[in-house]
Amino acid sequence: MEAYYLARITAWPRLNGSINVRAIAEAAGIPTQSLSKHPAIREALERAQTRVGVQRWAERKASCPTRDNVDTPKRSAGDGKIQRLEKLLADLEQQYSVAAAETDALRQQRKALRLQLAREALMMETGRRVAAPKAQ
């Protein structure tokens, strides 16, 4: 049935310049993975791509120029402000990280002091020595 549907397609659905495999699978009523796993269906799709003259998404992406090859645009006068704001943001993020680490350390100290206070209160109340827990 799937091959029958693929044989009847006259206008292949496209997405970003490639054949839209998901739309084909939904129209045929089959799972998307069947289009790549079933040999007859995969062969029909490859023939269609050759006949229509489109590349697969991965092939097209591989043939596109990378970021390094693309000319970078000229910077305008407002870019200085952007750079200052980005630096300020980085500084604030670093300050936040330091404050978060200090807060965590202080919470651990507070927990240890509360436990120590509770042990001392118990020793005063009962008159017995309460051993401190072993360090982990």
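Within the range 94-131, track down each residue that is touching a helix residue (DSSP H, G or I) at 6+ places or on another chain (Cβ under 7 Å) and of a type outside the set (Val, Ile, Thr). It would help to see each step written out before you state the result.
Step one: of the range 94-131, the residues touching a helix residue (DSSP H, G or I) at 6+ places or on another chain (Cβ under 7 Å) are 129-130.
Residue satisfying the conditions is Arg129 alone.
In the range 5-48, what count of residues is obtained for those that are part of a helix (DSSP H, G or I) and either at pLDDT below 75 or aliphatic (A, V, I, L, M) (or both)? Full working, then the answer.
Looking only at the range 5-48, we keep the residues that are part of a helix (DSSP H, G or I), and these are 5-8, 21-28, 32-37, 39-48.
Narrowing the set further to residues that are either at pLDDT below 75 or aliphatic (A, V, I, L, M) (or both) leaves 5-8, 21, 23-25, 27-28, 35, 40-41, 44-45, 48.
Looking only at that region, the number is 16.
The values are calculated or read from the model by the stated rules, or taken from the named source; none is laboratory data. Since we're looking at a predicted model, the values are computed, not measured. Using ideal geometry, Cβ is built from the backbone for each residue, glycine included, and neighbour counts are taken over all protein chains shown.
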